[in-house]
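First the structure, in the form of structure tokens, and then the observations on it.
What follows draws every value from the coordinates through simple rules; no lab data is involved. In this text, all values refer to a predicted model and were calculated from it rather than measured experimentally. Note that each Cβ is placed from the backbone with ideal geometry, even for glycine, and that neighbours are counted across all protein chains shown.
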Amino acid sequence: MVATTHHCVHGEAAPIGSAVQRLYHRLWVKSLEKEVLCRADRVTAVSHYTARRTAAVFSIDDIAVIHNGVQLDVFTPGSPRYAPHTPFRLFYVGSWSRRKGVDLLAPIMSELGEDFELLHTGEAASQHPPNMRAIGRVTDVTALVDLYRGADALLFPTRLEGFGLVALEAQACGAPVVATRGSSLPEVVEDGVSGFLCPQDDMSAFVGAVRTLAADPGQWRQMRRAARCRAEALFGFDKMVEEYINLYRDLLSARH
């Protein structure tokens, strides 16, 4: 059996959640995870960050890292675009939770002002500035791809990611990513090349990164190309499948 860890939210890597949630994870979820991991013939993780956290929490050595992949024939850039929208269009997709940094979106957009807009998958709220537009949950893949393609950049101030699939999907669609420099995201986004990585909770850094991207269409086009190239080079779905096949083949060979 192969066990794959997508998140490790225990210990110092778990700053988010109520006291009840933390108690639930510590007394119930953690013991279940430990039992599964100890029974596995091999443990894998979707990022080096998750592998390190899993090894530290559960005292497991030799965790194989197989990054998540994206379907490159589905998540594509679409028709070429040579300039960003006016106003500059940002996109946020993800659950509406503090762990994802959604409490930072309104302050960031308030500071950016009317020359910028944000489409997000949360619900409309009276305290949001007028340049935030709620589109609700997106469940259709085609609609999601269109949103990535239509965005000038993904805004992703998350505080903890086991991998950060939306950052990969955005890059595959040619959207630069402005995200947090933390957890697994430096493995997905190359700072200054396919996007910008900002210190956690540093709203001024996020605002500055977005303004820098919007002010230079040449850099924006270059980052769009680099984002797609990074997805193609490192995170293809076929590459991920091949790595899992090889891992299972090695396990079966060791049994004979």
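General remarks:
- Amide H to amide H, with H built 1.01 Å from N, PHE196 comes under 5 Å of VAL177, VAL178, ALA179, counting only residues 5 or more places away or on other chains.
- Crossing angle, helix 203-215 versus the chain [Cα axis fit, 0-90 degrees, rounded to tens]: 60
- Relative contact order, percent, the chain [alpha-carbon distance under 8 Å, six or more residues apart]: 20
- Charge dipole (Cα centre; +1 on Lys/Arg Cβ, -1 on Asp/Glu Cβ; no other charges) of the chain amounts to roughly 340 debye.
- Gyration tensor verdict on region 157-256 (Cα atoms; rounded if a/c is under 1.5, prolate if a/b is larger than b/c, oblate otherwise): oblate
- In region 47-151, the GluC sites (Glu not before Pro) that fall in loop regions by DSSP, at most 10 other Cβ within 10 Å: GLU114
- Counting only alpha carbon atoms, the long axis of helix 48-58 and the longest principal axis of the chain meet at about 40°.
- Helix-only CD estimate at 222 nm, as mean residue ellipticity for the chain, using -39500 (n - 2.57) per DSSP H run (n ≥ 4): -12500 deg cm²/dmol
- Shown in residue order for region 151-163 are the 3J(HN,Hα) couplings computed by the Karplus curve 6.51 cos²θ - 1.76 cosθ + 1.60 at θ = phi - 60°: 7, 7, 6, 8, 9, 9, x, 4, 9, 7, 9, x, 9 Hz (x for Gly and Pro).
- Using alpha carbons only: equivalent-ellipsoid semi-axes of the chain, gyration tensor based, whole Å: 33, 23, 15
- Exposed loop sites are taken as trypsin sites (Lys or Arg not before Pro) in a DSSP loop (any state but H, G, I, E or B) with at most 13 other beta carbon atoms within 10 Å; the longest stretch of the chain without one runs 1-136.
- Relative contact order (%) - criterion: Cα under 8 Å, at least six apart; region: region 1-95: 31
- Residue list for region 36-58, given a label point 7 angstrom along the Cα-to-Cβ vector of ILE245 and an amide N cut-off under 17 Å: none
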